[in-house]
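Each remark here refers to the structure printed beneath this line.
The values are calculated or read from the model by the stated rules, or taken from the named source; none is laboratory data. Predicted, not measured: the structure shown is a model, and the values here were computed from it. Cβ placement follows ideal geometry from the backbone for every residue including glycine, while neighbour counts extend to all protein chains displayed.
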Amino acid sequence: MKNFAILISGRGSNMENLLRCYQRGELLARPVVVLSNTPKAPGLERAERYSIPTYAISWKNRERAESAAIEICQKFQVQFVVLAGFMKILTPLFLEHFPHKIINIHPSLLPAFPGKDAVKRALEYGVRFSGCTTHFVSAEVDRGPIILQALVPVWEEDTVETLARRILRQEHRILPKTVNLYSADALELCHGRIVRIFWDRLPVFYRKGCRRP
Ligand code: GRF
């Protein structure tokens, strides 16, 4: 079983969902540490309920922060990293330490609406469908190879809150599935950015409810 770290900046619902999935035996990898770039992240308290070690690292000096994060990851023998609402841009220092081993979840159908306020911008743009994307993290923000996506319709009466809530439900579905695919070595990168998924490498139990997106 691979060990992984979860990096957060805020409320941590994706993080909690992963911890819950792990508790239920639905995860093929083991979350071993939660890191936040701020002690104020409500997700830290949520994590403590699951008795997982948590660390808040000041991100004022990026290089120092990333070195500290790497050190903590080494201490916990972290093999890959999940960014679950982590709002800092990682530099090559961290990225090169975990090449193609960092997974992010983003609340839009990338490559549309990368960066901040993705739900608001999708709504203001007038799209009929939005959704969420899991992808490997590369140097360009929200531009790394796409792993899974889920489609969410946009209703005329939607507000940022209602749409974000519906997208979040799908995030909670595709992020654990992505972690399982990664852990089962079922993701292979071809031609630089195309991710090939070998669904049959996922043990049958974990495939249950795994609809191909
Ligand atoms: C999610 O919408 C995620 O896609 C984005 O930040 C939000 C984090 O939510 N990157 P939570 O902290 O997991 O509840």
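Within the range 92-120, residues that are at pLDDT 95 or above and within 16 Å of the ligand (Cβ to nearest atom) reach partners that are polar (S, T, N, Q) and in a loop (DSSP other than H, G, I, E, B) with beta carbons closer than 7 Å, at six or more positions or on different chains, in the pairs 118/108. Among the residues of the range 77-99, those identified as in a loop (DSSP other than H, G, I, E, B), within 23 Å of residue 11 (Cβ to Cβ) and not charged (D, E, K, R) are 78, 84, 85, 86, 87, 89, 90. Whether a residue is within 28 Å of residue 204 (Cα to Cα), touching a Phe, Trp or Tyr at 6+ places or on another chain (Cβ under 9 Å) and within 16 Å of the ligand (Cβ to nearest atom) was assessed, and residue 80 does not pass this test.
Only one entry of 35, 27 meets the criterion of being outside any helix (DSSP H, G or I), within 15 Å of the chain's Cα centre (by Cα) and under 17 Å from residue 172 (Cβ atoms), and that entry is 27.
For the range 177-212, a residue qualifies if it is among the aromatic types (Phe, Trp, Tyr) and either touching a His at 6+ places or on another chain (Cβ under 8 Å) or at pLDDT 90 or above (or both), and the qualifying residues are 182, 198, 199. Inside the range 24-57, residues that are of a type in the set (Asp, Glu) and loosely packed, with under 12 Cβ neighbours inside 10 Å make up a count of 1. Tallying residues that are within 8 Å of the ligand (Cβ to nearest atom) and buried (at least 20 other Cβ atoms within 10 Å of the Cβ) within the range 1-15 yields 4. When we screen 50, 22 for residues that are at pLDDT 95 or above, within 15 Å of the ligand (Cβ to nearest atom) and within 28 Å of residue 203 (Cβ to Cβ), the only hit is 50. A single member of 60, 88, 75 is among the basic types (Lys, Arg), within 16 Å of the ligand (Cβ to nearest atom) and either modelled with pLDDT of 95 or more or surrounded by fewer than 17 Cβ atoms within 10 Å (Cβ to Cβ) (or both), and it is 88.
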